[in-house]
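Trainee: This is the structure, below, for whatever I ask next.
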Amino acid sequence: MITTVTTKNMISIPVEVGRRFGIKPGWKLDWQPVEGKDEIVVRIIPDRGELARRLCGMGAHLSPERDIIAELDDERDAEDSERNGDVPE
């Protein structure tokens with residue numbers, strides 16, 4: 001696929017490329033020249049929300065018998081109670 005650079009040094013991402021890699025507005029492209037060649041490697045950097053979605057649950061296989069989220073919620077509840085001066089039950 002060929003694109004044209006505008007007078008403002010801008011290009012458009014071809015629709016097929018955007019769809020294939022799921023590129024959305026707000027994502028960044030990291031342009032790295034290849035040493036000694038007239039080539040550029042472009043790395044796609046999703047926004048923070050997408051990165052978080054991709055990471056969600058990735059470590060679950062390391063401790064399948066634990067519910068880490070429930071443990072974190074319980075820990076925060078305990079900290080809130082302690083901060084508010086509540087008596088533990």
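Trainee: Quick one: how many residues across the range 1-20 are among the hydrophobic types (A, V, I, L, M, F, W, C), more than 22 Å from the chain's Cα centre (by Cα) and farther than 14 Å from Val42 by Cα?
Mentor: Matching residues across the range 1-20 total 4.
Trainee: Okay, next question. I'd like to know if the range 37-49 contains one or more residues that are over 23 Å from Gly18 (Cβ atoms) and either of a type outside the set (Asp, Glu) or more than 24 Å from the chain's Cα centre (by Cα) (or both).
Mentor: The answer is yes; a qualifying residue exists.
Trainee: Still on this model: Within the range 37-71, can you find the residues that are in the same structural domain as Arg19 (by TED's automatic domain parsing) and either touching a Gly at 6+ places or on another chain (Cβ under 6 Å) or polar (S, T, N, Q) (or both)?
Mentor: Within the range 37-71, just Asp47 meets the criteria.
Trainee: Could you give me the residue pairs with C-beta distances under 7 Å whose first residue belongs to the range 1-24 and is hydrophobic (A, V, I, L, M, F, W, C), whose second residue is assigned to a helix (DSSP H, G or I) wherever it lies, and which are 6+ apart or on separate chains?
Mentor: Going by the 7 Å Cβ cut-off, the qualifying pairs are Met1/Glu16; Met1/Val17.
The values are calculated or read from the model by the stated rules, or taken from the named source; none is laboratory data. Note that the structure is a prediction, hence the values are computed from the model and not measured. FYI the Cβ positions are ideal-geometry reconstructions off the backbone, even for glycines, and counts take in every protein chain you see.
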